[in-house]
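The values are calculated or read from the model by the stated rules, or taken from the named source; none is laboratory data. The structure presented is a predicted model; accordingly, all values stated were derived computationally and were not measured. So basically every Cβ, Gly included, is an ideal-geometry build from the backbone, and we count neighbours across all protein chains shown. The protein model used for the area step is the full one, side chains on, heavy atoms only, and it has no ligands, DNA or RNA in it. Shrake-Rupley method; radii C 1.70, N 1.55, O 1.52, S 1.80 Å.
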Amino acid sequence: MREDRPANRKRKRTRVPLWRWRSNPVRRRDDVLEAWLVLAVWVLIAVGGTAVGVVTAHAADQVFAQQRAERTPVRAVLLDDVPRTATSGMGRDLASARVRWTNSDGSTRSGMTLVTTGKKAGCTVRIWIDTRGRLSTQPPTPGKAAVEAGLFGASAALALTGVVFGIGSVGRGYLDRRRIKEWDREWTLVGPQWGHKTS
């Protein structure tokens, strides 16, 4: 004997893929525009985000490599005592102090740079100089540079994703408002015909 299924049982909802592109009587022009807009947004996020991320990471890596090539460490003489109380908050105690160094051409220079605290005047410290013999910061190591370049690339990709997604959301909101206005116009024409007439 066959069991009858209850009438109130939930039916499985079927999804029709690519329905916005298919020709059907309820499809509107705005539906097709929205479908193309959504497709364009996802393509730009996938392709454009990847491309921007890779290009940014590569450019940052080149900048870091150039810094490593142009900056060299030299020995400098500390000209002032550096007290232990100073701290930079970067994980180790650093303070700004005057140092003097000799460039490769034999010229002597002096300047201010960060050194470890607790050192006395006259001791030797390592500093970094650029190709012109001026004080510079220590360039990132290849490992640290790779991490930073990856972070720059990911940030650029996320920024592009946010901009593209925002523009897509604005476009979809505009299409939704147009559809609501169109429905309102149609209801104004059709709604009175559904009203009950009493005699």
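Would you check if ASP93 is of a type in the set (Asp, Glu) and either touching a residue at least 60 places away in the same chain (Cβ under 8 Å) or within 30 Å of ARG177 (Cβ to Cβ) (or both)?
no
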Problem - Search result, residues across the range 128-186 that are closer than 30 Å to SER110 by Cβ and either surrounded by 15 or more Cβ atoms within 10 Å (Cβ to Cβ) or out of contact with any strand residue (DSSP E or B) (no Cβ under 9 Å at 6 or more places or on another chain) (or both) - result: TRP128, ILE129, ARG132, GLY133, LEU135, SER136, PRO139, PRO140, THR141, LYS144, ALA145
Handout entry: Cβ pairs under 8 Å, 6+ apart, first in the range 54-67 and closer than 11 Å to PRO142 by Cα and open to solvent by 70 Å² or more (accessible area, probe 1.4 Å), second in a helix (DSSP H, G or I) and of a type in the set (S, T, N, Q)
Key = none
Exercise for the section: Check the range 73-93 and report whether any residue there is among the polar types (S, T, N, Q), in a strand (DSSP E or B) and in contact with a strand residue (DSSP E or B) (Cβ under 6 Å, 6 or more places away or on another chain). Expected result: no
Handout entry: Top-ranked residue in the range 20-41 [being open to solvent by less than 100 Å² (accessible area, probe 1.4 Å) and at pLDDT below 80; ranked as farthest from LEU175 (Cα to Cα)]
Key = ASN24
Practice task
Could you run through the range 109-127 and say how many residues are in contact (Cβ under 8 Å) with a residue 40 or more places away in the chain, buried (at least 16 other Cβ atoms within 10 Å of the Cβ) and more than 25 Å from ALA60 (Cα to Cα)?
Solution key: 2
Problem - Residue satisfying condition, being at pLDDT below 90 and at negative phi, within set ARG9, ARG71, ARG98 - result: ARG9
Exercise for the section: Quick one: which residue in ALA145, ALA121, ALA156 is assigned to a loop (DSSP other than H, G, I, E, B) and either among the hydrophobic types (A, V, I, L, M, F, W, C) or under 16 Å from the mean Cα position of the chain (by Cα) (or both)? Expected result: ALA121
Fill in the blank from the handout: Selection from the range 47-87 of residues more than 19 Å from ALA156 (Cβ to Cβ) and of a type in the set (Gly, Ala, Ser) yields ALA69, ALA76, ALA86
Completion exercise
Log entry, pairs with first residue in the range 164-177 being free of Cβ contacts under 8 Å to residues at least 12 places away in the same chain, second being assigned to a helix (DSSP H, G or I) and open to solvent by less than 30 Å² (accessible area, probe 1.4 Å), beta carbons closer than 9 Å, six or more apart or on different chains, reads SER169/VAL41; ASP176/ASP30; ASP176/GLU34
Handout entry: Residue within the range 78-91 that is closer than 27 Å to ALA145 by Cα, at pLDDT below 85 and either touching a Lys or Arg at 6+ places or on another chain (Cβ under 9 Å) or of a type in the set (A, V, I, L, M) (or both) present
Key = yes
